[in-house]
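Asks: Here you go, one structure.
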Amino acid sequence: MNLRTRKLLDRSFTALGFGSLVVMALALLVVIVPIAVKGIGAVFFTGTIEHRKMLSAEFHTGDPRELTSEAAASERYRANIYSMLSGFEGELDRMDPEKKAEYKNKYGQVKSSLQALLGPLPGEPAPMLTRFKYGQTRWDKAQEKLHDLLYETKWDTSNPNAMSTEYFVRRAESFKGTSLEKLFPYVEQNIEKMMLPKFTFYSGFITESSVDSHFFGGIWPEIQGTFFLAFGAMLFAFPLGVIAAIYFTEYAKPGFFNSMLRSANSTLAGVPSIVFGMFGLAFFINTLKVSDSKSVIAGSLTLAIMILPTIIRSAEEAILAVPKTYKEASLSLGSTKWNTIITVILPAALPGILTGGVISLGRAAGETAPIIFTAAVSVGSAIGLADVFNSPTPALSWNIYNLASEHEAAGELRHVQYGMVLALITVVLLLNLSAIILRARISKKLKG
């Protein structure tokens, strides 16, 4: 191959590599940017007076005097709505039975829409669930509920060759000629005065526990649980992985037993994560009885088994990358083999070993399947270190899945879902960044 051809190939491969990096960066941006934008909306948003009422009642935060003043201002406009409802109910009682039956169902829909928008109406019993004690706490959701109040959904099925088409009809048309007709334009014109929207920085989304299955409150228990599980897994897996790597590189002799161990390690690296979850339930909980049921310790042990092959392999490669002259020089000075491993080989291989630890730590923090049967719960409070041996914990990865697919009001909690995803990405990035900084400092120290 002549020099010109080699240069052309070198430039082609360089361009291909650079292009691949650009494509990966763009793909990452396509995924990350929407998550970041929508996730930030869980902390920075336009909150209503209902949000401030909730914070005061559930978390005892906010200025009581300011809230009292705002509530009084809001109530002046809401009182007119309650008066209109009372007047229509009196009118309803005077209607003939046929007309009364016609309006009763429609009126029930109006009341339900108002309850969803403003909260419980006067004279009604106090709701049992927290989600029904308040109106819409976010201004964007309040506007959606306002649309549901003002418009009635209809479906056009006139074309038998096409799917039904959704369209909206103003609900006021259904009450034309009644005293309730004027309610709809009144609500539309005064919605801001009733809800008092205000830009909100809600740090409680990170620091508070959830209320009523994440309808209100924050995700602190999930963040804390993720840290406990990830660091617990590393506490078990990292020492075992390094010891196993030392055995493979320094003590194991070629043969059937060594080949079998290496094959088992490689096989474990390819096992689906759900299998590890079932194994953790069967072995750590049902057989070893590390806890009576789900617990952080059982989940950490399960995750440790899952990430162990990665740590072993990366540590083994890092040890093999240490120049043999280091070992030979140490042994020639009279040092023992074990002392050489501890004082010479491992410090030189530590940056590479930490790289495997970084990858494994991020994977442990983001896994869902292994903790479904061993550690994770959908709703729970933050636990302390003393509770890791007998208590399960919420975790970001599992709760993201649960909120997005199994929660009864998944469509109402999109901001919480995106907020959790952003929090998980941030946690993984922070863990990786911390490990990378630690690795860089160790490498710098070793180089003198």
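The values are calculated or read from the model by the stated rules, or taken from the named source; none is laboratory data. Small disclaimer: the values here were computed from a predicted structure and weren't measured. Cβ sites come from the backbone with ideal geometry, for glycine too, and all protein chains shown count toward neighbours.
Asks: Do we find a residue being among the basic types (K, R) and either within 30 Å of G419 (Cα to Cα) or touching a His at 6+ places or on another chain (Cβ under 7 Å) (or both) anywhere in region 98-108? Spell out how you get there, then give the answer.
Replies: Within region 98-108, the first condition is being among the basic types (K, R), and the residues that meet it are 99-100, 104, 106.
When the remaining residues are screened for being either within 30 Å of G419 (Cα to Cα) or touching a His at 6+ places or on another chain (Cβ under 7 Å) (or both), the result is none.
The answer is no, given that none of the residues of region 98-108 is among the basic types (K, R) and either within 30 Å of G419 (Cα to Cα) or touching a His at 6+ places or on another chain (Cβ under 7 Å) (or both).
Quick grid of which residues meet (1) outside the structural domain of A395 (by TED's automatic domain parsing); (2) assigned to a helix (DSSP H, G or I); (3) within 15 Å of S360 (Cα to Cα):
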residue	(1), (2), (3)
G277	no, yes, no
F284	no, yes, no
D292	no, no, no
T302	no, yes, yes
I307	no, yes, yes
A329	no, yes, no
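Asks: Restricting to region 101-140, name every residue that is under 22 Å from Y151 (Cα atoms), in contact with a Phe, Trp or Tyr (Cβ under 8 Å, 6 or more places away or on another chain) and among the polar types (S, T, N, Q).
Replies: Passing the criteria: Q115, T137.
Asks: Output the number of residues of region 174-226 satisfying the condition of being under 24 Å from T46 (Cα atoms) and either of a type in the set (K, R) or part of a loop (DSSP other than H, G, I, E, B) (or both). Show your work before the answer.
Replies: Taking region 174-226 as the starting set, the residues that turn out to be under 24 Å from T46 (Cα atoms) are 184-220.
Now narrow it down to the ones that are either of a type in the set (K, R) or part of a loop (DSSP other than H, G, I, E, B) (or both): 193, 196-198, 202-203, 208-209, 212-215, 218-219.
Within region 174-226, residues that are under 24 Å from T46 (Cα atoms) and either of a type in the set (K, R) or part of a loop (DSSP other than H, G, I, E, B) (or both) number 14.
Asks: Among the numbered conditions (1) outside the structural domain of V322 (by TED's automatic domain parsing); (2) surrounded by fewer than 13 Cβ atoms within 10 Å (Cβ to Cβ), tell me where M260 comes up short.
Replies: Of the numbered conditions (1) outside the structural domain of V322 (by TED's automatic domain parsing); (2) surrounded by fewer than 13 Cβ atoms within 10 Å (Cβ to Cβ), the odd one out for M260 is (1).
Asks: Still on this structure, I have one more. Determine the pairs where a residue that is under 16 Å from S360 (Cβ atoms), located within region 430-443, has a partner that is among the small types (G, A, S) and part of a helix (DSSP H, G or I) with Cβ atoms under 9 Å apart, the partner being 6 or more residues away or on another chain.
Replies: Pairs that qualify, where the first residue is under 16 Å from S360 (Cβ atoms) and the partner is among the small types (G, A, S) and part of a helix (DSSP H, G or I), are L431/A230; L431/G362; L431/A365; N432/G362; A435/G357; A435/G362; R439/G352; R439/G357.
Asks: Taking only region 44-60 into account, find how many residues are assigned to a helix (DSSP H, G or I) and not charged (D, E, K, R). Reasoning before the result, please.
Replies: Within region 44-60, the first condition is being assigned to a helix (DSSP H, G or I), and the residues that meet it are 49-59.
Going one step further and asking which of them are not charged (D, E, K, R), we end up with 49, 51, 54-57, 59.
Result for region 44-60: 7.
Asks: Would it be correct to say that I219 is within 20 Å of the chain's Cα centre (by Cα), buried (at least 19 other Cβ atoms within 10 Å of the Cβ) and touching a residue at least 60 places away in the same chain (Cβ under 8 Å)? I'd like the intermediate steps shown before the answer.
Replies: Details: within 20 Å of the chain's Cα centre (by Cα): yes; buried (at least 19 other Cβ atoms within 10 Å of the Cβ): yes; touching a residue at least 60 places away in the same chain (Cβ under 8 Å): yes.
Against the criterion (within 20 Å of the chain's Cα centre (by Cα), buried (at least 19 other Cβ atoms within 10 Å of the Cβ) and touching a residue at least 60 places away in the same chain (Cβ under 8 Å)), I219 qualifies.
Asks: Is at least one residue of region 153-175 in contact (Cβ under 8 Å) with a residue 40 or more places away in the chain, touching a Gly at 6+ places or on another chain (Cβ under 7 Å) and under 17 Å from Y107 (Cβ atoms)?
Replies: Step one: of region 153-175, the residues in contact (Cβ under 8 Å) with a residue 40 or more places away in the chain are 171, 174-175.
Of the ones still in play, those that are also touching a Gly at 6+ places or on another chain (Cβ under 7 Å) are none.
The answer is no, given that none of the residues of region 153-175 is in contact (Cβ under 8 Å) with a residue 40 or more places away in the chain, touching a Gly at 6+ places or on another chain (Cβ under 7 Å) and under 17 Å from Y107 (Cβ atoms).
Asks: Output yes when any residue across region 45-52 is at pLDDT below 95, at negative phi and crowded, with 17+ Cβ neighbours inside 10 Å, and no when none is.
Replies: Step one: list which residues in region 45-52 are at pLDDT below 95, which gives none.
Taking every residue of region 45-52 in turn, none turns out to be at pLDDT below 95, at negative phi and crowded, with 17+ Cβ neighbours inside 10 Å.
Asks: Out of A364, A386, A440, report the one residue that is in a helix (DSSP H, G or I), more than 17 Å from I219 (Cα to Cα) and at pLDDT below 85. First the steps, then the outcome.
Replies: Working: A364 fails: at pLDDT below 85; A386 fails: at pLDDT below 85.
Criteria check complete, one pass: A440.
Asks: Name the pairs: first residue in region 350-363 and under 12 Å from L431 (Cα atoms), second residue surrounded by fewer than 18 Cβ atoms within 10 Å (Cβ to Cβ), Cβ to Cβ under 6 Å, at least 6 apart or on different chains?
Replies: Every condition considered, the pairs that remain are V358/N432; G362/N432.
Asks: Considering only region 58-108, state which residues are among the acidic types (D, E) and over 43 Å from the mean Cα position of the chain (by Cα). Reasoning before the result, please.
Replies: Just the residues of region 58-108 that are among the acidic types (D, E), to begin with: 58, 63, 66, 70, 75, 89, 91, 93, 96, 98, 102.
Correct list: E89, E91, D93, D96, E98, E102.
Asks: Next question. Is one or more of the residues making up region 369-382 in the same structural domain as G299 (by TED's automatic domain parsing), touching a residue at least 24 places away in the same chain (Cβ under 8 Å), part of a helix (DSSP H, G or I) and more than 21 Å from the chain's Cα centre (by Cα)? Outline the logic, then answer.
Replies: In the first step, residues of region 369-382 are kept if they are in the same structural domain as G299 (by TED's automatic domain parsing); the result is 369-382.
Okay, now just the ones that are also touching a residue at least 24 places away in the same chain (Cβ under 8 Å), so 369-382.
Subsequent filtering for residues that are part of a helix (DSSP H, G or I) retains 369-372.
Applying the additional criterion that residues be more than 21 Å from the chain's Cα centre (by Cα) yields none.
Checked against the condition, which is being in the same structural domain as G299 (by TED's automatic domain parsing), touching a residue at least 24 places away in the same chain (Cβ under 8 Å), part of a helix (DSSP H, G or I) and more than 21 Å from the chain's Cα centre (by Cα), region 369-382 yields no hits at all.
Asks: Given the conditions (1) closer than 30 Å to E66 by Cβ; (2) surrounded by 18 or more Cβ atoms within 10 Å (Cβ to Cβ); (3) within 21 Å of the chain's Cα centre (by Cα), and given that I206 satisfies all but one, which numbered condition is not satisfied?
Replies: Exception for I206: condition (2).
Asks: Also, I was wondering about something else. Before we move on, is S266 assigned by TED's automatic domain parsing to the domain that holds N432 and more than 16 Å from T310 (Cβ to Cβ)? It would help to see each step written out before you state the result.
Replies: Values: assigned by TED's automatic domain parsing to the domain that holds N432: yes; more than 16 Å from T310 (Cβ to Cβ): no.
The answer is no for S266.
Asks: Within the group S210, S203, S263, S174, which residue is at pLDDT below 95, in contact with a strand residue (DSSP E or B) (Cβ under 6 Å, 6 or more places away or on another chain) and among the hydroxyl-bearing types (S, T, Y)? Please lay out each step first, then the result.
Replies: Values: S203 fails: in contact with a strand residue (DSSP E or B) (Cβ under 6 Å, 6 or more places away or on another chain); S263 fails: in contact with a strand residue (DSSP E or B) (Cβ under 6 Å, 6 or more places away or on another chain); S174 fails: in contact with a strand residue (DSSP E or B) (Cβ under 6 Å, 6 or more places away or on another chain).
Just a single option satisfies the conditions, and that option is S210.
Asks: Is one or more of the residues making up region 70-84 at pLDDT 85 or above, at positive phi and either assigned by TED's automatic domain parsing to the domain that holds L129 or assigned to a helix (DSSP H, G or I) (or both)?
Replies: no
Asks: On the basis of being of a type in the set (D, E, K, R), within 30 Å of E144 (Cβ to Cβ) and touching a Phe, Trp or Tyr at 6+ places or on another chain (Cβ under 9 Å), does E412 make the cut? Write out each step before concluding.
Replies: Values: of a type in the set (D, E, K, R): yes; within 30 Å of E144 (Cβ to Cβ): yes; touching a Phe, Trp or Tyr at 6+ places or on another chain (Cβ under 9 Å): yes.
Taking the combined requirement at face value, the residue satisfies it.
Asks: Would you pick out the residues in region 143-167 that are surrounded by fewer than 16 Cβ atoms within 10 Å (Cβ to Cβ) and in contact with an Asp or Glu (Cβ under 7 Å, 6 or more places away or on another chain)?
Replies: T153, W155, S164, T165, Y167
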